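No lab work stands behind these numbers, since they all come straight from the coordinates. From a predicted model like this one, the values you see are computed outputs, not experimental measurements. Glycine gets a Cβ as well: all are built from the backbone with ideal geometry, and neighbour counts include every protein chain shown.
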Amino acid sequence: MEETIGLSVTQQFEVERMNRAIESTIDPQQLQVLAKQLLQAWHSQRAATVWITRQREQLG
């Protein structure tokens, strides 16, 4: 069973901040750097989610 998880207000503001940074960037190299940072953050979040899920399974 998968739950839908909404973003907190802080997370929504962070998403908006990153969206604005992307939209205001015209330098392709800077866009590449932003894309790599976002990719790293996304994969780190996925890894953390997997770890938490495994911890819950071991406790339950």
Only Lys, Arg (+1) and Asp, Glu (-1) charged, at Cβ; the chain dipole about Cα centre in debye: 200
Charge sum, other residues only, whose C-beta stays under 14 Å from Gln37's C-beta, Lys/Arg counted +1 and Asp/Glu -1: +1
Projected label distance in nm at Gln40 and Ile22, using a 7 Å step from Cα toward the beta-carbon: 1.8
Computed helical MRE - 222 nm, the chain, DSSP H runs ≥ 4 contributing -39500 (n - 2.57), nearest 500: -28000 deg cm²/dmol
Overall Cα dimensions of the chain, principal axis frame, Å, largest first: 49, 23, 17
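Gain in length, Arg56 to Leu7, computed as 0.36 nm per residue apart minus the alpha-carbon separation, to one decimal in nm?
Numbers: separation 49, 0.36 × 49 = 17.64 nm, distance 2.12 nm.
Stretched fully, the Arg56-Leu7 segment lengthens by 15.5 nm.
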